[in-house]
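The values are calculated or read from the model by the stated rules, or taken from the named source; none is laboratory data. Just so it is clear, the structure is predicted and the values come from calculations on it, not from any experiment. Cβ placement follows ideal geometry from the backbone for every residue including glycine, while neighbour counts extend to all protein chains displayed. Heads up: the accessible areas ignore ligands, DNA and RNA and are worked out on the full protein's heavy atoms, side chains in. Shrake-Rupley method; radii C 1.70, N 1.55, O 1.52, S 1.80 Å.
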Amino acid sequence: MNEKIQLLGMTPEELGAFFKAQGQPAFRARQVFAWLHQGVPFEKMSNLPKALRETLQNTCIDNPVSVLETIESKLDGTIKLLYRLPDDHVIEGVLMRYKYGNTLCLSTQVGCRMGCKFCASTLDGCARSLTAAEMLGQIVCANGILAAQGAGQKVGNIVLMGSGEPFDNYDNVVKFLRILRMEGGLCIGMRSVSLSTCGLVPQMRRFAEEDLPVTLSLSLHAPNDEIRRQTMPVANKYAMDEVLDACRYYIEKTGRRVIFEYALVHGVNASPEQAAELAGRLRGMQCHVNLIPLNAVPERGLTGVTEREVDIFKKALEQKNISVTRRREMGDDIEGACGQLRRRYLKDHA
Ligand code: SAH
């Protein structure tokens, strides 16, 4: 099965070389590139000769990702998705419906090896990284679901905030982003993409120079190194000062503000004093803080905060002129924390 050639995830140049080797004219690359990103199977690529369609069907894969299960929220239409990969690994994603459009949360790895204590994605480590095709394929699948609902909608915004650490899969993520914005393909611009990282400093600095000006989100979750190290092993490798310097470099290079994600954990990082300390660290930076009430993961034994605690923390930041919002929760009736749907599936099918 895996010997078939994956065409999604190839650039038009790579497709061009592939078709040239088959003795096909150069324009086939453009035709097939467009069809693949529209989610059209080989047999329906109507401007290709029948014989070529048959050859492609027998020798190639159009989308390595397929939808295994969907769960739709009755509250707001949010859809949780479970996908299957060619080697039978299972990943998850979320399709969120906002007034301004559809946002898809993508996974970049099967699991994660960063080990954050509050996160379910990392509990079993990382099985492997996803290819660019498998990232594009998640979007093609979600567009298929939207098309079936008939409202003529598509995914307009991408957040790389599902399972996995995008910068632990650097080359594939960069390739994915370059293809994502191409005309004739999905054509999703970098301003419609957010990438979230736990703070791998060398990759953050390298990424600032790729000319891929996405919104960078940094999972900070603490006002100082000591507290950050309690929940994020990566903080033992890179000090907060180095991470914040890399953020400043990204702001300087791209002109875009950085978003700091801060999951409030009761008794760990959520006191007003800690808010004041955080404000001090971020002073003068072109940034925004996104407060996330912790989505409690039963395996982890950490507890979230009350609405009142969120409010007090938020006001303490505002007093110090830090721009801050509380993240809206979507699909409350279906949502587990990051990685939980996949865990449930794996347990049920063990
Ligand atoms: N590896 C990347 C992206 C994946 S997670 C990163 O670390 O940023 C997306 C966001 O959800 C991160 O900010 C992550 O820290 C946060 N997150 C993970 N588990 C959570 C939980 N149980 N409750 C709230 N936020 C969580």
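To keep it simple, each residue is scored yes or no on (1) in a helix (DSSP H, G or I); (2) in contact with a Lys or Arg (Cβ under 7 Å, 6 or more places away or on another chain); (3) surrounded by fewer than 19 Cβ atoms within 10 Å (Cβ to Cβ); (4) at pLDDT 95 or above.
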residue: Val40; (1), (2), (3), (4): no, no, yes, yes
residue: Asn47; (1), (2), (3), (4): no, no, yes, yes
residue: Thr55; (1), (2), (3), (4): yes, no, yes, yes
residue: Pro64; (1), (2), (3), (4): no, no, no, yes
residue: Leu68; (1), (2), (3), (4): no, yes, yes, yes
residue: Ile71; (1), (2), (3), (4): no, yes, yes, no
residue: Lys80; (1), (2), (3), (4): no, no, no, no
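Going residue by residue through the range 119-128, is there one that turns out to be touching a Phe, Trp or Tyr at 6+ places or on another chain (Cβ under 9 Å) and surrounded by fewer than 24 Cβ atoms within 10 Å (Cβ to Cβ)? Walk me through how you get there before you give the answer.
Residues of the range 119-128 that are touching a Phe, Trp or Tyr at 6+ places or on another chain (Cβ under 9 Å), as a first pass: none.
No, the conditions are met nowhere in the range 119-128.
Could you look through the range 249-281, keep only residues that are within 16 Å of the ligand (Cβ to nearest atom) and over 23 Å from the mean Cα position of the chain (by Cα), and pick out the one that is most open to solvent (accessible area, probe 1.4 Å)? Walk me through how you get there before you give the answer.
Going through the range 249-281, the residues within 16 Å of the ligand (Cβ to nearest atom) turn out to be 250, 258-270, 278.
In the following step, the residues that additionally are over 23 Å from the mean Cα position of the chain (by Cα) were identified as 266-270, 278.
Values: His266: 94, Gly267: 77, Val268: 29, Asn269: 2, Ala270: 12, Leu278: 2 Å².
Ranking the qualifying residues of the range 249-281, first place goes to His266.
Among (1) assigned by TED's automatic domain parsing to the domain that holds Leu130; (2) touching a Phe, Trp or Tyr at 6+ places or on another chain (Cβ under 8 Å), where does Ile71 come up short?
Result: Ile71 fails condition (2) only.
For the range 170-186, what are the residues that are within 13 Å of the ligand (Cβ to nearest atom) and either β-branched (Val, Ile, Thr) or surrounded by 22 or more Cβ atoms within 10 Å (Cβ to Cβ) (or both)? Outline the logic, then answer.
As a first pass, look at the range 170-186 and keep what is within 13 Å of the ligand (Cβ to nearest atom): 170, 173.
Residue satisfying the conditions is Val173 alone.
Which of the residues spanning the range 146-165 are surrounded by fewer than 17 Cβ atoms within 10 Å (Cβ to Cβ) and either among the hydrophobic types (A, V, I, L, M, F, W, C) or within 16 Å of the ligand (Cβ to nearest atom) (or both)?
Ala147, Ala148, Ala151
Among the residues of the range 187-209 satisfying the criterion of being more than 18 Å from Ile139 (Cα to Cα) and open to solvent by 20 Å² or more (accessible area, probe 1.4 Å), which is nearest to the ligand (Cβ to nearest atom)? Working first, answer last.
The first filter runs over the range 187-209 and keeps only residues more than 18 Å from Ile139 (Cα to Cα), leaving 197-209.
From the residues that got through so far, the ones that are open to solvent by 20 Å² or more (accessible area, probe 1.4 Å) too are 202-203, 205-206, 209.
Values: Pro202: 16, Gln203: 12, Arg205: 17, Arg206: 17, Glu209: 20 Å.
Across the range 187-209, the extreme among qualifying residues is Gln203.
Could you check how many residues of the range 334-350 are at pLDDT below 75 and open to solvent by 80 Å² or more (accessible area, probe 1.4 Å)?
Qualifying residue count for the region: 3.
Looking at Leu218, Leu212 in this structure, which one is open to solvent by less than 10 Å² (accessible area, probe 1.4 Å), modelled with pLDDT of 95 or more and within 16 Å of the ligand (Cβ to nearest atom)?
Working: Leu212 fails: within 16 Å of the ligand (Cβ to nearest atom).
Exactly one residue qualifies, and that residue is Leu218.
Any residue at all in the range 25-34 that's open to solvent by 20 Å² or more (accessible area, probe 1.4 Å), out of contact with any strand residue (DSSP E or B) (no Cβ under 7 Å at 6 or more places or on another chain) and touching a residue at least 60 places away in the same chain (Cβ under 8 Å)?
If we filter the range 25-34 for residues that are open to solvent by 20 Å² or more (accessible area, probe 1.4 Å), which is where we start, we get 25-28, 30-31, 34.
Subsequent filtering for residues that are out of contact with any strand residue (DSSP E or B) (no Cβ under 7 Å at 6 or more places or on another chain) retains 25-28, 30-31, 34.
So of that shortlist, the ones also touching a residue at least 60 places away in the same chain (Cβ under 8 Å) come out as 30, 34.
Taking every residue of the range 25-34 in turn, at least one turns out to be open to solvent by 20 Å² or more (accessible area, probe 1.4 Å), out of contact with any strand residue (DSSP E or B) (no Cβ under 7 Å at 6 or more places or on another chain) and touching a residue at least 60 places away in the same chain (Cβ under 8 Å).
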